Structure formats: structure tokens, C-alpha cells
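Worksheet for the structure shown next.
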Amino acid sequence: MKWLAGLLIGVLLLLAGPMLMLASDTVRMGQPWYAADRSTAGLAPDPQITRDAVVQIYSARAFSWRGLFAVHTWIATKPAGAPNYTVHQVTGWGFPALRSGIDVPDRRWVGALPELLLDLRGPVAARAIDHIGQALTIYPFAVGYRVWPGPNSNTFTAWMIRHVPELQVAMPSNAIGKDYLAGGVFAPAPSESGYQLSLFGALGVMLARDEGLEFNTLGLVWGLDVTLLAIKWPGVGRIGFPEDRRVHEPLP
């Protein structure tokens, strides 16, 4: 019966983070989607004032029970001189799953306050916008969507980060679906600062400078960021010193 006790302990450890999120009242449980706040969070520069090109990546808690386990991520772009932002994201409703359209870039995700993961400005953002446009046309899961283990919204963002050299950022550890690879089981980490082994996004391991060490069990990630002294807890995400992810200087 020792194996049964070990299995039970493992399940409890995996679910401890999501249960903590439930107790924290961070996730919007029981709230109707149509009544949720979708106003701007004030994180994106006003396009009428900032004429430079802008590229931003955001994450926010997923809606309802999904938010106990994961975040939703998306990409916003604004070419130089453009009066509006275009938001690129994958969702579980509508067809196709991948959609790009003019929208508020830092809009609350069904009530959840977004976090800015990456902020590019000027020439480096302009180059990124060109590469993003090219990558959008070849994204392999533009039609399909699956909550777990992917492909989903986080599969899309992680894939774009891998294929657009200017998007040098680590995905949140609780972005379930980020480890769902487009063919094969071995690939560079999204930040391209290391490598990962992943079996359909449900089981794997990653070792990279930016992501640190991550163990994926059923899509839930435990990890350790040695450089910034932080741990990664399933459902909760990163716990430790804050990362400097807001503004990135142009690439050489």
C-alpha cells in the first residue's frame, strides 16, 4: 500500500496550488462572463501619444475553474504611427481559434487584471511586428483548440516566442499549454536559453537560463529559478523576487 500512499501524496501536492488559489479568492468563480470587467488596465501606452512601434505580451488568470490552474496569454502590436493596437490570441470560442483584430491591448481578461510580460518599443518592435506577421501565417494550430494539454492560447504565445527572435521572454510557469510542441518531443525552450523535453505537453522537463529548471506533470509545473531565487508552484506560478520583464532594450 506504500505506492498508494505515495500516489495520494503526489496528487495532493499537485492540487495544493490550485486549492490555494481557490482559497485566495483570486479566481472569479461563479461570476457570469458577460458581467465581468473588460476595461483597460492602463499598462499600454496611448497610441495617440506614443507614435513609436510597440509590441507587448500579457498574461492574466483564466476564467472560472481554469484560473485555478492556469493563465491566458496574448500578444498586442502597434506599428509606428498606427492609431490602434492589434491583439493576436487563441481562444476556445469562435472559428478559427487564432484571431487577430483591433482591440484594447491591456484589457482585463474576463475580469482578471493582466500582467505585462514583455514591452518592446521603437525599431526592435517594428522588426518584431514584421516577424510576427510572417509567423502568424504558418502557425500550425490556427484552427484547433484544446484546453488541456494543448494546443491552446499558451501554446500559441510560446510558439510565437520561439519563432520571433525579438520576443525574448520566459513564459509563466502556470501557462498550461506552453509545453505542447508542434511535432517532436525535444525543442529549445521558448526563451531559446535552454532546452526542453515534452510529451504532448503533459509530461516533461525544461532546463534554461531564463526559465530555470521546470518539471511538468500533467501540465502542472514545479520549478526553480536559481538566478533570481524563486520557486514555481503548480497553479500559483512563480514565487520569489520579481523579474525585470517590463521593458527590453533593442537587440544588437
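In segment 171-182, is there at least one residue being within 22 Å of T86 (Cβ to Cβ) and acidic (D, E)?
Checked segment 171-182: no residue is within 22 Å of T86 (Cβ to Cβ) and acidic (D, E).
If W159 satisfies every condition in (1) assigned to a loop (DSSP other than H, G, I, E, B); (2) of a type in the set (F, W, Y); (3) without any contact (Cβ under 8 Å) to a residue 40 or more places away in the chain; (4) surrounded by 18 or more Cβ atoms within 10 Å (Cβ to Cβ) but one, which is the exception?
The failed condition is (1).
Filter segment 72-94 down to residues that are closer than 22 Å to A175 by Cα and of a type in the set (A, V, I, L, M, F, W, C) and give me whichever is surrounded by the fewest Cβ atoms within 10 Å (Cβ to Cβ).
Once the filter is applied, the top-ranked residue is W93.
Considering each residue of segment 4-60, count those that are at pLDDT 75 or above and under 19 Å from W74 (Cα atoms), and give that number.
Residues flagged as at pLDDT 75 or above and under 19 Å from W74 (Cα atoms) within segment 4-60 amount to 21.
Filter segment 111-142 down to the residues that are touching a residue at least 60 places away in the same chain (Cβ under 8 Å) and assigned to a loop (DSSP other than H, G, I, E, B), then identify the one that is farthest from P190 (Cα to Cα).
G111
With the requirement that a residue be surrounded by fewer than 21 Cβ atoms within 10 Å (Cβ to Cβ) and either in contact with a Cys (Cβ under 9 Å, 6 or more places away or on another chain) or more than 19 Å from D119 (Cβ to Cβ) (or both), what does segment 162-175 give you?
R162, H163
Which ones in segment 195-211 are free of Cβ contacts under 8 Å to residues at least 24 places away in the same chain and buried (at least 18 other Cβ atoms within 10 Å of the Cβ)?
Answer for segment 195-211, where residues must be free of Cβ contacts under 8 Å to residues at least 24 places away in the same chain and buried (at least 18 other Cβ atoms within 10 Å of the Cβ): Q196, S198.
For G17, all conditions in the list (1) outside any helix (DSSP H, G or I); (2) of a type in the set (G, A, S); (3) surrounded by 14 or more Cβ atoms within 10 Å (Cβ to Cβ) hold save one; what is the number of the exception?
Among (1) outside any helix (DSSP H, G or I); (2) of a type in the set (G, A, S); (3) surrounded by 14 or more Cβ atoms within 10 Å (Cβ to Cβ), the lone unmet condition for G17 is (1).
Quick one: in segment 37-71, of everything that is closer than 9 Å to W109 by Cβ and among the aromatic types (F, W, Y), which residue is surrounded by the fewest Cβ atoms within 10 Å (Cβ to Cβ)?
F63
Restrict the check to segment 138-149 and report whether at least one residue is over 23 Å from L15 (Cα atoms), hydrophobic (A, V, I, L, M, F, W, C), touching a Ser or Thr at 6+ places or on another chain (Cβ under 8 Å) and buried (at least 19 other Cβ atoms within 10 Å of the Cβ).
Yes.
Tally time: how many residues in segment 63-110 are in a loop (DSSP other than H, G, I, E, B) and within 17 Å of the chain's Cα centre (by Cα)?
Within segment 63-110, residues that are in a loop (DSSP other than H, G, I, E, B) and within 17 Å of the chain's Cα centre (by Cα) number 10.
The values are calculated or read from the model by the stated rules, or taken from the named source; none is laboratory data. All figures in this text were calculated on a predicted structure; none of them were measured in a lab. Cβ: placed from backbone, ideal geometry, glycine included. Neighbour counts: every protein chain shown.
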